[in-house]
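For reference, the structure discussed in these notes is given below.
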Amino acid sequence: MSEPAFKLMIPGPVSVSAEVLKAISQPVVPHYGANFIKFYKETIDLLKQVFQTKQDLFLLVGSGTAGIDACVGSCLAAGEKIIVGSNGFFGDRLIWIAEGNGLQVIPIRSPLGEVLNPQDFLDVVNENPDAKAILVVHLETSTTIINPIEQIAKIARDHDLLMIVDAVSSVGGIPLAFDDWGLDLVATSINKCLGAPPGLSPVAVSDRAWQSIDKLPAKKHGWYSDLKTWRKYATDWADWHPTPVTMPVNNIAALNVALHQLIEEGIENRHHRYRHLATILRKGLAAINMPPMTPENLLNPVITAAYGPEGTSTSKIVNYLAKRHQIIISGGLGALKEKTFRIGHMSPVVTEEDIHLVVDALSQFPN
């Protein structure tokens with residue numbers, strides 16, 4: 001699987017620090033027992049600081065999508081209504097996930113490149129008083145749009161609906177306050193803004209969500225992805241084996257180091273640094289006539305989508321950077337394929353020098 005030396009500038013997985021790489025290469029240890037319990041609990045507590053929560057948090061084995069699937073499948077029974085917002089590729093995936101769990105989906109859509117409108121959610125909630133939950137992507141990486149989940153969550157809370165959030169690409173990179181915003185179920189991935197290798201999906205669950213989950217009839221939905229299974233082991237087996245499965249201990253070790261680095265830098269300081277890098281990139285792209293897709297007021301601190309030269313398929317730009325400059329960026333997704341390219345700057349080790357390197361390489365693209 002060895003690759004030639006390259007600069008990874010995609011929206012995950014991201015390049016990680018040398019200290020994180022060192023942690024993942026240490027000897028394998030058991031996923032149970034006193035030493036692991038102490039280390040695991042510390043990692044969970046660090047994650048709670050990043051999520052800004054004092055409520056339950058679990059570390060599921062799998063991608064961020066696995067965590068989302070667990071959130072959706074655990075809190076609703078087949079046939080119940082869920083309101084799902086979509087303004088891009090991953091919003092559409094949420095609809096697919098909800099339908100895959102046997103739910104009756106009420107979609108709310110906004111055009112590509114525009115935020116989801118909280119008023120639309122209020123209108124649909126009033127029209128569907130029997131809906132049980134709202135499901136939204138926080139950061140839609142196909143368009144780089146950050147959706148107003150705090151405002152949407154207030155609507156959910158005011159109408160006694162659960163608020164479920166796909167925060168796969170946002171936690172650690174842009175503000176998210178689980179408790180203060182009244183969120184109920186949030187899943188993320190460690191291989192984005194948290195700066196660790198892939199393999200784990202942190203999931204936060206509110207007390208309010210548990211009250212709803214515990215009232216559900218037997219769903220016969222499964223075992224592994226049922227959050228009640230994870231809660232049972234976290235409580236009944238807390239003293240020696242707090243998870244229902246064998247955990248990837250080296251991935252947890254790497255995550256622990258990455259979280260310590262984030263806390264040491266300061267969460268707000270990390271956010272500010274990301275915004276600074278995004279501003280530099282946007283200015284550079286505008287200067288070479290590859291303008292960002294979104295206006296300045298919709299600046300995304302951790303990923304930037306841009307248009308290529310008129311009439312140019314953006315896959316050519318992606319391939320050019322990889323072959324000529326050993327820089328890996330991403331193409332557009334869904335309806336934006338061949339229309340945009342995307343540059344991820346969500347890795348904690350990305351620097352101003354990296355941003356200038358990408359812009360300089362793009363400036364050399366032969367039109």
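Read-outs throughout are calculated quantities, based only on the coordinates presented, and are distinct from any laboratory measurement. Please read all numbers here as calculations on a predicted model, not as lab measurements. Because the Cβ atoms are built from the backbone with ideal geometry, glycine has one as well, and the counts that use them run over all protein chains shown.
Relative to one another, the C-alpha centroids of the range 299-319 and the range 147-209 are positioned 28 Å apart. Just to be sure I understand: of the beta bridges DSSP finds with both ends in the range 1-147, what percent are antiparallel, rounded to 5? About 20 percent, rounded to the nearest 5. Packing, taken as the mean count of other beta carbons within 10 Å per residue, orders the peptides 243-251, 265-273 from highest to lowest as 243-251, 265-273. With the Cα gyration tensor of the range 178-219 giving a ≥ b ≥ c as the square roots of its eigenvalues, does the rule (a/c under 1.5 for rounded; else a/b larger than b/c for prolate; else oblate) give rounded, prolate or oblate? In terms of gyration-tensor shape, oblate.
In terms of other Cβ atoms within 10 Å, LEU200, LEU336 run from fewest to most in the order LEU336, LEU200. Counting charges near GLY172 (Lys, Arg +1; Asp, Glu -1) among other residues having Cβ under 14 Å from its Cβ returns a value of +2. With the Cα gyration tensor of the range 124-240 giving a ≥ b ≥ c as the square roots of its eigenvalues, does the rule (a/c under 1.5 for rounded; else a/b larger than b/c for prolate; else oblate) give rounded, prolate or oblate? Oblate is the answer for the range 124-240, as a/c is 1.5 or above yet b/c matches or exceeds a/b. Which of rounded, prolate or oblate describes the chain when judged by the alpha-carbon gyration tensor and an a/c cut-off of 1.5? Taking the square roots of the gyration eigenvalues as a ≥ b ≥ c, the chain is oblate.
Backbone amide hydrogens, once placed in the peptide plane, bring ALA133 within less than 5 Å of ILE83, LEU162, excluding anything fewer than 5 places away on its chain. Highest mobility in the GNM of the chain, judged by mean-square fluctuation with C-alpha springs under 10 Å and restricted to ILE108, ILE146, ILE343, is found for ILE108. DSSP finds beta bridges in the chain, and of those with both partners inside it, around 50 percent are antiparallel. Rounded to whole Å, give me the distance from the Cα center of the range 238-258 to that of the range 10-44. After rounding, the separation between the Cα centres reads 7 Å.
For the range 171-187, putting each phi into the Karplus relation 6.51 cos²θ - 1.76 cosθ + 1.60 with θ = phi - 60° gives couplings of 4, x, x, 9, x, 8, 10, 4, 6, 5, 8, x, 7, 10, 9, 9, 10 Hz, in residue order, rounded to whole numbers and with x for Gly and Pro. Close amide H contacts of ILE10 (hydrogens built in the peptide plane, cut-off under 5 Å, sequence separation of 5 or more or a different chain): GLY344.
Annotation: amide H of ILE303 within the under-5 Å range of HIS345, sequence separation 5 or more or interchain, hydrogens built in the peptide plane. When each of ASP130, ASP179, ASP207, ASP56 is scored by the number of other beta-carbon atoms lying within 10 Å, the sequence from fewest to most is ASP130, ASP207, ASP179, ASP56. Pairs of Cα atoms nearer than 8 Å and 6+ residues apart set the relative contact order; for the range 216-316 it is 15 percent.
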